[in-house]
Every structure is written in C-alpha cells, then in structure tokens.
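The values are calculated or read from the model by the stated rules, or taken from the named source; none is laboratory data. For clarity, every value in this text was computed on a predicted model and none was experimentally measured. Counting neighbours? That spans all protein chains shown, and the Cβs are built from the backbone with ideal geometry, glycine included.
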Protein chains: 4
Amino acid sequence: MELERVAFFSDAVIAIAITLLVVELSIPAATEDVGAALLDRWPQILSFILSFLVIGIFWRAHHRIFRYIAGVDELLITINLLFLMCVAFLPFPTAVLGNHDSSRASVVFYAASIGATGAVLAATWQYVVHAGLLNDRADPRVVRYITRRSLVTPLCFLGSIPFAFINPRLATFLWFVPLGLLAVINLRHQRS
Amino acid sequence: MELERVAFFSDAVIAIAITLLVVELSIPAATEDVGAALLDRWPQILSFILSFLVIGIFWRAHHRIFRYIAGVDELLITINLLFLMCVAFLPFPTAVLGNHDSSRASVVFYAASIGATGAVLAATWQYVVHAGLLNDRADPRVVRYITRRSLVTPLCFLGSIPFAFINPRLATFLWFVPLGLLAVINLRHQRS
Amino acid sequence: MELERVAFFSDAVIAIAITLLVVELSIPAATEDVGAALLDRWPQILSFILSFLVIGIFWRAHHRIFRYIAGVDELLITINLLFLMCVAFLPFPTAVLGNHDSSRASVVFYAASIGATGAVLAATWQYVVHAGLLNDRADPRVVRYITRRSLVTPLCFLGSIPFAFINPRLATFLWFVPLGLLAVINLRHQRS
Amino acid sequence: MELERVAFFSDAVIAIAITLLVVELSIPAATEDVGAALLDRWPQILSFILSFLVIGIFWRAHHRIFRYIAGVDELLITINLLFLMCVAFLPFPTAVLGNHDSSRASVVFYAASIGATGAVLAATWQYVVHAGLLNDRADPRVVRYITRRSLVTPLCFLGSIPFAFINPRLATFLWFVPLGLLAVINLRHQRS
C-alpha cells in the first residue's frame, strides 16, 4: 500500500506538470489578426509538444522502474521527491524556450533542466538496484535494459549543451536523438 | 495493473485539462461595472461550456474504450499519450475562441484542434480492435457501436472547417450536431 | 469498476478546482510595501476561504451520495458531469468576488454560481433515488437525511440573491447560515 | 473505502498544490538578455525549491499519519479539510516571498503560513490519537515518534517570526533547521 501511494502521488504530479504546460500558451486578447498571432506562437506550440513528449517518456520510465520495485524506503521516497520536483519545474524552462527559442541561454537552461531530471531518474533506478529493493520479476537482463534506457535522455540533453555554444539550433536538433535511440533500444529488447 | 495505471494517468490528465479551462476566465480587476464586464465575457463562458462538454464526451469515450481492453502494449501507450497531448492542448484553442469568437482563424483553429483530438481517439480504438487487444466482453455489435460513435465528433468538427470559410457562425452551429447525433446513436443502441 | 472510475474522476476534478482557487491570489511584483499589499488582499483571501469551505462541503456531499449508489447509468454520468462543470467554474466567481467584494453584480453572480452547483447536486441525488440506483445500505432515514442536507446550500445561496438588492453585505452574511444549519442537521442525525 | 477516498483526495490536493508552485515562475516575454533574466529569478527559484521540499515533508507526514488510522469520522474529515486548505494556500506566500525576498512582511507571511499548516497537521494527529481512531499497528513508541516529528516544522517556522523582526535573512536561515532536525529524529528512530 505504501508503494502504491507513492506511485499514485508520482503519477498525479507528472500528470499535472504535463497538463500545466498549456498554461503558457496564449495570444494577445487585443490582436486583430488571429491567424498571424497563432503562426507567431509556433515556437511555443513546438516547445509544448517537445516537453509533452519528454515528460511522457519520463512517465513511462518511472512506470517501468516501479514495476520492478518490491518496496520503498525513506531514501527512495526522498530521491523520488527530487525527481518530482524536477518534473514540476519543467513548465518554466518550456515557457522560456517557447518565448526565446533562438536564445543560447534559454536553450542551455532547457537542456540542463531536462538533463537534470533524467539524471535524477537514472539515479533513482541505480538506488533501487543497489539498495536491494528489486522484486523477483527483475532479472539481470531487465536491469541492464532499464539502466541503458535511463541514460539516453540525460546524456543527450546534457551532451547537447556544449553544442549550444556553437549554435543554439544545433543543440535543439540533438534533442530528437533520444526518441530515435529509445525506439532502437526498445526494438532490440523486444526481439531478444 | 499496467492497464490500470494507464487508465488512471489518462483520467488525471483529462480531469486537469477540463478544470484548467476556467483559468482563462477573468474580468479586469479595475473595472467599475462588474455586471457589464460579466456580460462582456459571455463568449468566453460559452466556449468554456462547449469545451467542457466536448472533453466530457471524450472522457466517456475513452472510458468506454478502456472497458473493452484486455491489456496495453507499447504502441497503445504511445497513441494514448498522443491523445492526452491533444486533450491537454485544448484549453489554448478554447481561450482563443473565447477572446475572438467572430474570427475565422480562431473558429478554424478550434474545429481543427477538437477534430484532431477526436481523430486520434478513433485511431486508438481502431488500433485496439486490429492489434487484438480486446477483452472477451467486446462482441462485434459493441465494436461496431464504438466505431460509429468515435467517428461522430471528428467528422462534425473537421467537416465544419469548410463552412467556416463561408461564415464562422455557421461552423459553430454545426458543432452542436455531435451532441444530438450521439444521443440518437445511444438511444438506438440501448433499444437493441 | 465503472462506478469507481466515475467517483475517481469526480474527486480529481473537485480537488483541482479547490486547489486552483489560489491562482487568483497575487500582489503586484513592483509593490514596495508588501504588508500593506497583503492587507489589501484581505477580501480575496476571504473569498478563497469561503469557496474552499463551500467546495469542501460539496465534496463531502458528493462523497455521501456515492456511498449509497449501486451503479451508474448514462444519465447519471451526464448529470454528474454537469455538476463537475459547475464546480470547475467556481474559481471564476470566486476571483470576481475577491476583486469586487462590494459590488452587487459580483455578489449575485457568486450566489447564483454556488446556488446552481448545489441545485445540480441535489438533482443528482433525486435522480439516484427515483431511478432505483440506490444500494441496500440506503434506508429511508438516510434518504431523507441526505435530501434535507442537499437542499441547505442551494436554498441559502439562491435565497440570498433578493437580499443582495437591498444590500450586498447582507447577502454575504446569509451565506454563513449553511455551515451552521448543516452542523445542526448533522448533530440531530448522529443522535438518532 | 471511506478512509481510502479521503486519503486519495488529500494526495490529489497536495500533488496539485506542489505542482502549481511553478505557475509563478516566469521571465518577461520581451526580455533581450535571457541569461540575466534567469539569474534575476534566482530568489523565486529558491522559494519554489523550499516550498516544494516543505510540502513534500507535509505529504510524507500526512502519509505517515494515515498509515495508523483505523477509520475517519466527521470531525477528522473537517480538520483534514482545514489542513488541505492551508496546503492549497501555500503557492501564494511562496510567490510573495519569491518576488519580495528581502521584505520583512513577506518573510513573516511565509513563516506564518507554513507554521499554521504544520500546526493544523500536528492537531490532526493529536485528534487521531485522542479520539481513538488509531489502528492496531500504532504502538506507543510510534505515537511518540510521530508526535515529536509533527512539532518540528510548526515550531521552527512560527519560532522564526520574532527573528524576522531583527533581520529577515536570519529567519530564512532558521527554516533549514527542520530538515536537519527531522533527519536526526529519523535516524534515532530507525536505530531503536
């Protein structure tokens, strides 16, 4: 029941954060050309979609981790809370990126925020594995598989930061790598 | 348990999106004639009510689909996430429509957003049927019934877009067709 | 399971609406005297507290109704959705009242919104009773008790509207009657 | 089931309040130097983190209390609703503190809000203990442990208020005491 309530609370926070992303989207009430104002909001809509997909990936990863957990201890609850804090923070960098999509600072801020969130989730999994909190459904193959998956998002986003100093656009292209990589890992896992 | 957590997450996102619609409603803090300011907000209140009803219809349709699902696979979770992204996006076109109710662009944007959401939900059902994810409560009659229902909302809203180019008001009238049509389909189903 | 998912969705919408009330509270970022700005927000904090308590009463009433329901049908889901729409709307009249606490229009708008919400909830209960959806825990005494309770809030708030035309303050005093009345009904019920 | 629905509703309200904290974070859409604007938001990000951790501590405390409850009565539901009202209010003092971090009034307002929330939660526990609502897992040692824990946060925050009149910064340093103290109590409890 303990485990269930933690899973439920996590799902709720993730669901709220993913839905709050829309709050940043708006056009001026006094605008006369609505069509032009909407086209103008394209970068914000794109950053909404990107963040929705990334948080969706985090939700599924969190989901996957909790499937193999036998029970929770105080430290796991604390690490999980840190992860939720990172997720709850994401609507802010999303809004900054949507409003300033060509700015180096906003690209770095976004990449660092997503990367940190992914790193905390990867650390959660490492803690579960090494503190002996796994249940008996978790065989070594599954552990390796989840470990590999959990590294993709933080490495791609943190790794894109140096490229942002060459060209912010270049960094944003690198963010779409995780989606492709995760699909490949997924395919290889389902075959084996 | 897998299925349950996906259903729970979906319910949470839909509940948040449907409740966030109210955030757009406000009157200027400095107004002197509150009564006049409220009457002035009539189009926004109407678009709040319309979106609430439409998202409510989506929730019930989602609900109905999940009643006949035996289990989830990776692709279903992905399609479902796309549906949730569309639902989470709806407060934005609702606010645009409320502020610019006579603009062609906002009417087309609203109809396209609702239509796309309904189309993704209809695709979810088609995937469930053809990937063999149905449980044994789903007889052919139920499958046909849900298929027919799932097409009503996307066809009405996407079909209203050409009419918006003749007259935006005309398109908005067409949106009330789904409510009537769904009631008729419902009645015929309950009789048989 | 059907019944459970409807109860869960209702709880989620009510929880979100009750928590969104705070979004309207703010002081100008540029203010120099924070203490004075906070005192200035007193009417908004009061309307936050009032709406929180009233929605809390609605939640408990909804809760109580669902304890005696054996199952849901299409019409009950529709009426329940109307109730949720009213609840989700309440942050708007709360914000209007907080910003314009001495305006007759905002007092009438608030009283009408709360009164309508309570009336839809009372109608929900009447539907449950007359459509034969009660479970076997619902004896006639319980039915009478819940019927009586469900009328208190709508009658007090709708009944306060004429008084608002004499004096808006007078109407707001009348709103505190339900809290007292509900306590009395409660006490008499627990004794018997 | 009663107990479960109250626990669920509480979790939902806490999850929403903790996630709504982010809504206050924003930078001007028209800013040219995004990096400088983000650095400028440092106090708001810090108050986001502080409030997230404090609400997280409240969630775990609430969680802990409900683990030892056998059932709920009307009064417990009412006290719990008061606690939820306090939690739902917290995004407001958080935003005020973030925007006016050196103001005495905002520091006092924040400390009083957190302190009051903690005091209501401590009162909830006292009510549970003295109204005989404990289940059989609650031995005297657990009761003492939770009582002690529940006093730390309200005493630290309410106790910091006089220091705010000497120096607002001094009070904010005192807020970090609970985190340390709770860790010590925790450690001693796990050893015994």
- Task: Quick one: in the stretch D:65-79, of everything that is at the interface with another protein chain (Cβ under 10 Å from one of its Cβ atoms) and in a helix (DSSP H, G or I), which residue is farthest from D:Asp101 (Cα to Cα)?
- Result: D:Glu74
- Query: Which of the following residues is modelled with pLDDT of 90 or more, among the aliphatic types (A, V, I, L, M) and farther than 25 Å from A:Phe83 by Cβ: A:Leu187, A:Leu170, A:Leu151, A:Leu158?
  - Reply: A:Leu170
- Query: Looking only at the stretch A:80-105, which residues are at the interface with another protein chain (Cβ under 7 Å from one of its Cβ atoms), of a type in the set (S, T, N, Q) and outside any loop (DSSP other than H, G, I, E, B)?
  - Reply: A:Asn99
- Item | Check on D:Ala30, at pLDDT below 95, among the hydrophobic types (A, V, I, L, M, F, W, C), more than 23 Å from C:Leu50 (Cα to Cα) and not in a helix (DSSP H, G or I) | yes
- Evaluate the stretch D:92-107: report whether one residue or more is at pLDDT 95 or above and within 17 Å of C:Ala15 (Cα to Cα). no
- Query: With A:Leu158, A:Leu181, A:Leu170 as the choices, which residue is closer than 24 Å to B:Glu74 by Cα, free of Cβ contacts under 8 Å to residues at least 60 places away in the same chain, in a helix (DSSP H, G or I) and out of contact with any His (no Cβ under 6 Å at 6 or more places or on another chain)?
  - Reply: A:Leu181
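Condition check ((1) surrounded by fewer than 23 Cβ atoms within 10 Å (Cβ to Cβ); (2) touching a residue at least 60 places away in the same chain (Cβ under 8 Å)) across all residues:
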residue	(1), (2)
A:Gly56	yes, no
A:His63	yes, no
A:Ala70	yes, yes
A:Asn80	no, yes
A:Ala95	no, yes
A:Gly98	no, yes
A:Arg104	yes, yes
A:Val107	no, yes
A:Ala111	no, yes
- Can you work out which of the residues in the stretch D:38-64 that are aromatic (Phe, Trp, Tyr) and more than 10 Å from chain A (Cβ to nearest Cβ) is farthest from D:Val129 (Cα to Cα)? D:Trp42
- Does D:Ala61 satisfy being assigned to a helix (DSSP H, G or I) and within 16 Å of the chain's Cα centre (by Cα)? yes
- Message: One residue is enough: does the stretch D:122-141 have a residue meeting the conditions within 11 Å of another protein chain (Cβ to nearest Cβ), over 29 Å from C:Gly180 (Cβ atoms), touching a residue at least 40 places away in the same chain (Cβ under 8 Å) and part of a helix (DSSP H, G or I)?
- Response: no
- Within the stretch A:106-121, how many residues turn out to be over 13 Å from A:Thr172 (Cβ atoms) and either assigned to a loop (DSSP other than H, G, I, E, B) or more than 14 Å from chain D (Cβ to nearest Cβ) (or both)? 4
- In the stretch D:127-162, what count of residues is obtained for those that are among the hydrophobic types (A, V, I, L, M, F, W, C) and either surrounded by fewer than 13 Cβ atoms within 10 Å (Cβ to Cβ) or closer than 23 Å to D:Phe48 by Cβ (or both)? 6
- Task: Would you be able to say whether some residue in the stretch C:22-30 is surrounded by fewer than 16 Cβ atoms within 10 Å (Cβ to Cβ), free of Cβ contacts under 8 Å to residues at least 40 places away in the same chain, more than 8 Å from chain D (Cβ to nearest Cβ) and more than 30 Å from B:Asn186 (Cβ to Cβ)?
- Result: yes
- Message: Given the condition touching a His at 6+ places or on another chain (Cβ under 7 Å), among the charged types (D, E, K, R) and either surrounded by fewer than 19 Cβ atoms within 10 Å (Cβ to Cβ) or within 14 Å of chain B (Cβ to nearest Cβ) (or both), answer yes or no: does some residue in the stretch A:3-20 qualify?
- Response: yes
